[in-house]
1. Within the bounds of the stretch 49-70, is there any residue that is of a type in the set (Ser, Thr, Tyr), under 11 Å from the mean Cα position of the chain (by Cα) and surrounded by fewer than 17 Cβ atoms within 10 Å (Cβ to Cβ)?
2. Out of all the residues in the stretch 73-95, which are touching a residue at least 60 places away in the same chain (Cβ under 8 Å) and within 16 Å of Asp30 (Cβ to Cβ)?
3. Given (1) free of Cβ contacts under 8 Å to residues at least 40 places away in the same chain; (2) in contact with a Phe, Trp or Tyr (Cβ under 6 Å, 6 or more places away or on another chain), identify the lone condition not met by Gly70.
4. In the stretch 8-18, which residues are farther than 22 Å from Arg87 by Cβ and of a type outside the set (Asp, Glu)?
Amino acid sequence: MTAPERTDDGRWIVVDGRRWRAEDPSLDPDVARRLRSHLGRARSAVRSAPDDASRRRVRDRVQLAKEGLGERGTAWWELTEAERAERAAERLSSLDELAPPER
């Protein structure tokens, strides 16, 4: 898979002419991998949620993962690296409690 086009400042990716906030490049690779795993599982669960209440809970997981990756919430370039790492760790901890990784 080809990496999406990025803006010159690296803060945004461009997909089909639309600009989206890029993942925080300073994230620990393992933390980013785990957050992306949670994001993928949550997105899949949104499609198969049986009712609105279930869908809302799963969308909340999508939100947590995207915040952890720096794609939502306060822009990652407006936070210190320590704040970014703390946000990612907090979101990952919450996600691990809500939907423990399969072992």
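1. No, the stretch 49-70 contains no residue that is of a type in the set (Ser, Thr, Tyr), under 11 Å from the mean Cα position of the chain (by Cα) and surrounded by fewer than 17 Cβ atoms within 10 Å (Cβ to Cβ).
2. Answer for the stretch 73-95, where residues must be touching a residue at least 60 places away in the same chain (Cβ under 8 Å) and within 16 Å of Asp30 (Cβ to Cβ): Arg84, Ala88, Leu92, Leu95.
3. (1)
4. Within the stretch 8-18, Val14, Val15, Gly17, Arg18 qualify.
Every number here is computed from the coordinates shown, using simple stated rules; none is lab data. The model shown is predicted, which means the values in this text are computed figures rather than measured ones. Counting neighbours? That spans all protein chains shown, and the Cβs are built from the backbone with ideal geometry, glycine included.
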